[in-house]
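Asks: Here it is, the structure, as structure tokens.
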Amino acid sequence: MQKTVKREASISGVGLFTGEEGAIRLLPAPPGTGIVFERTDLPGRPVIPARLDSVKDTFRSTRLSAGGADLYMVEHLLAALSAYEIDNVRIEVKGPEIPACDGSSKAFVQMLDEAGTVLQGEPREVLEVEEPIFWSDKGIHLVALPSSEFRISYTLHYPQSKLIGSQFYTFQVGQSGFRDEIAPCRTFALYEEISPLIEKGFIRGGRLDNAVIVKGDTVLNPEGLRFANEMVRHKILDLIGDLKLIGKTLKAHIISICSGHTSNIALAERLCRIESTVRGGR
């Protein structure tokens, strides 16, 4: 059955990219609503559906746009909603960006634990991969294999950083495992890559309390890493969030080599096109 939140929950904070204060409030929604964002700070309260056709930009995060309104960095919240199997929720948003919190999904998991979940009286839609589907470009590869579960196996390769190096992790997507193994893992960047973006004003809210920054062989964050392979775990978090934009429960084993938001969205679009072709021919 479809699922929504049982009661409302809210959180506020600064956006990583815009640097603006923002807030979100999760509200129950009836079956068939899907996940919708409502920009309550704008005239007319424009609604932005969490769907692939709302994707506007994938530069270092996933940005949605609809009704003349934009919303930055939705993937961390969407990852938590995916792990908790939330099909329907209305999310009131004040500001142009989902709060970064600590750069992970930890705060959003806490929100969902506070809100609780409830089953609804309609069956959920499932996208079940029936044959291998792949997307590849240069050194980036994504494969979706038939599976009875939703699993992600990710290989990360950062030859430009000895500290990050090559990392691998495989994860069966589920609520309890996500809470402990994936949700606490923060977004990360190399100092040499992120410093010019900060100087140019592309990242106005970045701080050491909402992102892991690696400089040479050192993690600049006083806390250090939460896991030795926190980086690859965060890449899995991002991929879960991006695939949530398909709008259906996914049954597939996703194998990723060095994918990011752009390639994640490209695979999601290919999955939807192939499913439409298969179903249309039956």
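The values are calculated or read from the model by the stated rules, or taken from the named source; none is laboratory data. Since this is a predicted model, take the numbers as computed values, not measurements. For neighbour counting, all protein chains shown are included, and Cβ atoms are generated from backbone atoms with ideal geometry for every residue, glycine included.
Asks: Can you pull out the residues in the stretch 33-47 that are on the phi < 0 side of the Ramachandran plot and either touching a residue at least 40 places away in the same chain (Cβ under 8 Å) or in a loop (DSSP other than H, G, I, E, B) (or both)?
Replies: Answer for the stretch 33-47, where residues must be on the phi < 0 side of the Ramachandran plot and either touching a residue at least 40 places away in the same chain (Cβ under 8 Å) or in a loop (DSSP other than H, G, I, E, B) (or both): THR33, ILE35, VAL36, PHE37, GLU38, ARG39, THR40, ASP41, LEU42, PRO43, PRO46.
Asks: Please go through the stretch 40-65 and pick out each residue that is hydrophobic (A, V, I, L, M, F, W, C) and under 22 Å from ARG270 (Cβ atoms).
Replies: ALA50, LEU52, VAL55, PHE59, LEU64
Asks: Could you check ASP70 against (1) outside any strand (DSSP E or B); (2) at pLDDT 95 or above; (3) within 22 Å of SER104 (Cα to Cα) and say which number it fails?
Replies: Of the numbered conditions (1) outside any strand (DSSP E or B); (2) at pLDDT 95 or above; (3) within 22 Å of SER104 (Cα to Cα), the odd one out for ASP70 is (1).
Asks: While we're here: Being hydrophobic (A, V, I, L, M, F, W, C) and under 14 Å from the mean Cα position of the chain (by Cα) is the filter; apply it to the stretch 233-265 and report the residue that is surrounded by the most Cβ atoms within 10 Å (Cβ to Cβ).
Replies: So the residue we want is LEU237.
Quick grid of which residues meet (1) touching a residue at least 24 places away in the same chain (Cβ under 8 Å); (2) assigned to a strand (DSSP E or B); (3) not acidic (Asp, Glu):
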position	(1), (2), (3)
ALA144	yes, yes, yes
SER148	yes, no, yes
LEU156	yes, yes, yes
PHE178	yes, no, yes
GLU181	yes, no, no
SER195	no, no, yes
ARG204	yes, no, yes
LEU208	no, no, yes
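Asks: Does ARG51 fit the bill of being under 13 Å from the mean Cα position of the chain (by Cα) and either without any contact (Cβ under 8 Å) to a residue 60 or more places away in the chain or closer than 14 Å to THR18 by Cβ (or both)?
Replies: When the stated conditions are applied, ARG51 does not pass them.
Asks: Here's a follow-up. Could you go through the stretch 103-114 and let me know if any residue there is buried (at least 19 other Cβ atoms within 10 Å of the Cβ), part of a strand (DSSP E or B) and in contact with a strand residue (DSSP E or B) (Cβ under 6 Å, 6 or more places away or on another chain).
Replies: no
Asks: Looking only at the stretch 158-176, count every residue that is out of contact with any Phe, Trp or Tyr (no Cβ under 9 Å at 6 or more places or on another chain) and either surrounded by 18 or more Cβ atoms within 10 Å (Cβ to Cβ) or touching a residue at least 24 places away in the same chain (Cβ under 8 Å) (or both) and tell me the total.
Replies: Selection size over the stretch 158-176: 5.
Asks: Which residues, counting only those in the stretch 60-82, are in contact with a Lys or Arg (Cβ under 7 Å, 6 or more places away or on another chain) and of a type in the set (S, T, N, Q)?
Replies: Within the stretch 60-82, SER65, SER82 qualify.
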